[in-house]
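Throughout, read-outs are computed from the coordinates displayed, never taken from laboratory work. Because the structure is a prediction, the values reported are computed rather than measured. Because the Cβ atoms are built from the backbone with ideal geometry, glycine has one as well, and the counts that use them run over all protein chains shown.
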Amino acid sequence: MSDTIFDRIIRREIPADIVFEDEHLIGFRDIAPQAPVHVLFVPKTPIARLNDLTPAHAEIVGRLAVAAADFAKQEGFAEDGYRIVMNCNEHGGQTVFQIHLHLLAGAPLGRFGTSK
Ligand code: 5GP
């Protein structure tokens with residue numbers, strides 16, 4: 001059974017600054033923000049890694065992007081712009097093994113790529 005820190009946030013066993021929730025997803029602010037706005041959108045369906053996705057997951061992955069875009073519009077930074085990121089495994093920097101989408105915004109974010 002999946003039991004990541006995000007499952008515990010979904011079950012309200014640990015606190016989080018929750019900004020969005022519906023029957024499919026939860027969205028909450030990252031505990032260590034990498035931009036002025038840094039929100040994580042997480043499916044309630046357990047899926048450890050992007051590598052575990054199948055076509056049956058297409059709708060839930062789409063819901064992550066729609067929720068992020070809706071949040072950007074609601075919060076007023078959609079036209080300034082933002083970035084969404086999903087990390088997979090070691091080289092991607094994944095540390096929590098429940099898939100999630102990072103929404104980063106609130107300032108120019110610069111380029112991205114390797115840290116070297
Ligand atoms: P990953 O590195 O797996 O792509 O992203 C995991 C993210 O979860 C990190 O940005 C990290 O700061 C965030 N995170 C880890 N533990 C917690 C927590 O307990 N609460 C919240 N709100 N974010 C967390």
- Message: Need the failing condition index for Ala16 against (1) surrounded by fewer than 16 Cβ atoms within 10 Å (Cβ to Cβ); (2) free of Cβ contacts under 8 Å to residues at least 40 places away in the same chain, just the number.
- Response: (1)
- Query: within 16 Å of the ligand (Cβ to nearest atom) and over 26 Å from Thr114 (Cβ atoms): does that describe Ile60?
  - Reply: no
- Message: For the condition surrounded by 14 or more Cβ atoms within 10 Å (Cβ to Cβ), out of contact with any Leu (no Cβ under 9 Å at 6 or more places or on another chain) and free of Cβ contacts under 8 Å to residues at least 12 places away in the same chain, what is the one hit in Ala105, Ala32, Ala78?
- Response: Ala78
- Inside segment 37-50, can you point out the residues that are in contact with a Leu (Cβ under 9 Å, 6 or more places away or on another chain) and more than 8 Å from the ligand (Cβ to nearest atom)? Val37, Val39, Phe41, Val42, Pro43, Lys44, Ile47
- Query: What are the residues in segment 12-23 that are within 13 Å of the ligand (Cβ to nearest atom) and either part of a loop (DSSP other than H, G, I, E, B) or under 17 Å from Pro46 (Cα atoms) (or both), if any?
  - Reply: Arg12, Glu13, Ile14, Pro15, Ala16, Asp17
- The lone exception for Ile84 - which of (1) in contact (Cβ under 8 Å) with a residue 24 or more places away in the chain; (2) within 16 Å of the ligand (Cβ to nearest atom) it fails: (1)
- Which is small (Gly, Ala, Ser) and touching a helix residue (DSSP H, G or I) at 6+ places or on another chain (Cβ under 6 Å), of Ala78, Ala68? Ala78
